[in-house]
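**Student:** Below are the structure tokens for one structure; questions will follow.
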Amino acid sequence: MGAGYDSDKEMEDIASASQDQQIDDTPLFLREEEQQTIKNLPRFVSNGVSRIKDLMKYLEDTAASRAEFGMSADVLELNLKTLIDIEVLVNSEPHAIDRALLRNNQVEDPASVFLDAMEEFAGRNSAKNDKQKYSGNTNYVNFKRRAWENMYGDEDMPPVEDWFDAHGASKTIAEIHELEEDDGDNDLIVAQEKRSLKCPVSLALFVNPVTSDVCPHTFSKDAIFSLFVENSRGRQRYLDSIECPVAGCDKILIKANLIENPTIARQVERYIEKQHQQDEADFDELEDE
């Protein structure tokens, strides 16, 4: 044998190459390109949501009428729902691609594999209605609120639960507005509005409202920030994170997740102003009696 020849090393290299080939030919394992495709999906969703926001801004600047804006916003909403479904698939169905690969001995197009997995997921997900899938999604809630503001300005938008019909299907912004117009019980409207403007921590009207960017919940700033301080045996301990205090929500919040919400702040101001006007009107009626 020549100098420097290492038979043990050669056998290791052959075994390694054989193992690599076996893994590549086995559909239970993802090849590098499929792995990269999956890794890029969260970025794809994020870029898609950003693109929808850009298109919304374009509509705000160019739509010739409220009706035109509404129809275009409805199309954007359908695309946003698709992105949300993809996000849920990636987060809650991490093995969907593996299951799809079990049916494909050779995968030439990773995108088609993902679409097969998406179709399988959609079949299972179809049992859920729009309200179940989207009412708690921050991107969806913020999209609908922005569309409402562009179409109806300072008019108060009904609470999230009223954005869906009796079967849980999403209503268009125009349909939500029709509901608001058709509701003739002013006391009920005021009561609903007041509930929607109350902080779930302080149970009072929002003061300096902040909205979570990981769940659709809003709080008074001081009230939610106070939960980051834990008092134990006379000592204060500052927490890096807390669980969202809204019942049924399991999202973890850090202070950076809580973003100032000027829209809610304006709604509180308008509500207080309306209450003052109503109080003045009631006082005037009493004086006239």
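The values are calculated or read from the model by the stated rules, or taken from the named source; none is laboratory data. From a predicted model like this one, the values you see are computed outputs, not experimental measurements. Virtual Cβ from ideal backbone geometry, glycine too; neighbours counted across all protein chains shown. With ligands, DNA and RNA removed, areas are computed over all heavy atoms of the protein, side chains included. Shrake-Rupley method; radii C 1.70, N 1.55, O 1.52, S 1.80 Å.
**Student:** Within the group Val214, Val210, which residue is of a type in the set (A, V, I, L, M) and open to solvent by 30 Å² or more (accessible area, probe 1.4 Å)?
**Tutor:** Checking each option against the conditions leaves just Val214.
**Student:** May I pose another question? Please list, ordered by first then second residue, the pairs with beta carbon atoms under 6 Å, 6 or more apart or interchain, first in region 70-88 and of a type in the set (D, E, K, R), second part of a helix (DSSP H, G or I).
**Tutor:** These pairs meet every condition: Glu87/Val45.
**Student:** Do you know which residues across region 225-240 are surrounded by 11 or more Cβ atoms within 10 Å (Cβ to Cβ) and either in contact with a helix residue (DSSP H, G or I) (Cβ under 9 Å, 6 or more places away or on another chain) or at pLDDT below 80 (or both)?
**Tutor:** Of everything in region 225-240, those that are surrounded by 11 or more Cβ atoms within 10 Å (Cβ to Cβ) and either in contact with a helix residue (DSSP H, G or I) (Cβ under 9 Å, 6 or more places away or on another chain) or at pLDDT below 80 (or both) turn out to be Phe225, Phe228.
**Student:** Regarding region 202-221, can at least one residue be identified that is under 26 Å from Pro159 (Cβ atoms), part of a helix (DSSP H, G or I), out of contact with any strand residue (DSSP E or B) (no Cβ under 8 Å at 6 or more places or on another chain) and modelled with pLDDT of 85 or more?
**Tutor:** No: zero hits.
**Student:** What do you reckon, is Ser170 modelled with pLDDT of 80 or more and over 21 Å from the mean Cα position of the chain (by Cα)? Explain how you work it out, then say what you get.
**Tutor:** On the way: modelled with pLDDT of 80 or more: yes; over 21 Å from the mean Cα position of the chain (by Cα): no.
In short, no.
**Student:** Right, here's the next one. For residues that are in contact with a helix residue (DSSP H, G or I) (Cβ under 7 Å, 6 or more places away or on another chain) and of a type in the set (Asp, Glu), scanning just region 47-79, find the one that is farthest from Arg145 (Cα to Cα).
**Tutor:** Checking each candidate, the answer is Glu60.
**Student:** Just to check your reading of the model, which residue among Ser65, Ser112, Ser92, Ser126 is at pLDDT 80 or above and either in contact with a Phe, Trp or Tyr (Cβ under 7 Å, 6 or more places away or on another chain) or of a type outside the set (D, E, K, R) (or both)?
**Tutor:** Ser65
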